[in-house]
1. Restricting to region A:160-176, what's the tally of residues that are within 14 Å of chain B (Cβ to nearest Cβ) and closer than 27 Å to A:HIS43 by Cα?
2. Scanning for something loosely packed, with under 13 Cβ neighbours inside 10 Å, in a loop (DSSP other than H, G, I, E, B) and away from chain B (no Cβ under 14 Å), does region A:132-154 turn up at least one residue?
3. Every residue in region B:53-86 that is in contact with a Leu (Cβ under 8 Å, 6 or more places away or on another chain) and away from chain A (no Cβ under 14 Å), please.
4. Quick test of your reading of the structure: A:PRO65 fulfils all but one of (1) within 14 Å of another protein chain (Cβ to nearest Cβ); (2) touching a Ser or Thr at 6+ places or on another chain (Cβ under 9 Å). Name the failing condition by number.
5. Scan (1) more than 30 Å from A:ALA12 (Cβ to Cβ); (2) surrounded by 12 or more Cβ atoms within 10 Å (Cβ to Cβ); (3) aliphatic (A, V, I, L, M); (4) out of contact with any Asp or Glu (no Cβ under 9 Å at 6 or more places or on another chain) for the single condition B:LEU62 breaks and write down its number.
6. What is the one condition in (1) without any contact (Cβ under 8 Å) to a residue 40 or more places away in the chain; (2) in contact with a helix residue (DSSP H, G or I) (Cβ under 8 Å, 6 or more places away or on another chain) that B:VAL41 does not satisfy?
7. Take the residues in region A:19-51 that are within 30 Å of B:ALA67 (Cα to Cα) and either touching a Leu at 6+ places or on another chain (Cβ under 9 Å) or within 14 Å of another protein chain (Cβ to nearest Cβ) (or both); name whichever of them is surrounded by the most Cβ atoms within 10 Å (Cβ to Cβ).
8. Can you tell me how many residues in region A:1-60 are touching a strand residue (DSSP E or B) at 6+ places or on another chain (Cβ under 7 Å), touching a residue at least 40 places away in the same chain (Cβ under 8 Å) and within 22 Å of A:GLN175 (Cα to Cα)?
Amino acid sequence: MKALFNPFRYIAGVKALIMGLIFIVASALMLYSGNYIQDSYIHIGMADAPLWYVFAMQIVWWLLPALLLYLCGVVLSKSKIRIIDILGTTAFAQLILLMMIAPMLLPAVVSSTLEMLSALQSGAVPDMASQTPMLIYGIWSTFCLILFYIWNYNAFSVSCNVRGWKAILVFIAIQIAMILVGMLL
Amino acid sequence: MTTKKNFPTICPSCGGQLSVKSLHCAECDTTVNGDFAIHPVLRLSAEEQQFVTAFILCSGSLKQMAADMGLSYPTVRNILDEIISKLQNYESSI
């Protein structure tokens, strides 16, 4: 159970970074195959973008908060922290995004989404029975989103040896900043 | 076979720090009385003392310790930092 919420007690550094980069590449390939793109920190949108651009966006939305967390860790922590740990743990946390993206490619979820979009565009009320896959996906993605924040906080906490209200406030501030940057871009 | 008891450092009655009043030689039955201070390392918990022992035995290599304990490097470093902080507090309180 501990590992589910805080895998960074057991994995960090280069090993986590290599695995994280594999998750990022896999996510980019999945997004590209479904004509999706991570257009902001925690938002997936539809776009007909080239693979390199989809991959670059994945890297940007991982690296930007990771570097901010590292800088805050340098200021807050009394320990000698390593950048490889924060990069590795936050990259490993991208597994949650992969878990969010993978079901988006399921035919049932795709058809359910397209059906709802066309119903909304024509002003009709979407048939609720056909929306079941999307509803299940909604619950799954909410669970993943909560886990994504828990993992990223624990990545910050373990890598930088910071705890308590100061660490939580800094983490929340960075998450809000990332969402605002995503909205501005 | 007698079981070895853990060395108590905290008073079970009031929670204060204990000190050694008496030492006994099992060979010649001599008892030395006095007021002996407990070394800061002995004030650590049994798990923390085990950690310090393991740290010395692997020549201070946190990477080796992380591999042996099945934990990540920063987790092991954080445990060490916590012990350092405790020892510094004990030292400053003497």
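1. Counting residues in region A:160-176 that are within 14 Å of chain B (Cβ to nearest Cβ) and closer than 27 Å to A:HIS43 by Cα gives 2.
2. no
3. B:PHE55
4. If we test A:PRO65 against (1) within 14 Å of another protein chain (Cβ to nearest Cβ); (2) touching a Ser or Thr at 6+ places or on another chain (Cβ under 9 Å), just (1) comes out false.
5. Status for B:LEU62: all satisfied but (1).
6. (1)
7. Among those residues, the one meeting the criterion is A:SER27.
8. Count: 3.
Only the coordinates and a few stated rules stand behind these numbers; no lab work does. Quick caveat: nothing in here was measured; it's all calculated off a predicted structure. Cβ atoms come from the backbone with ideal geometry, glycine included; neighbour counts cover every protein chain shown.
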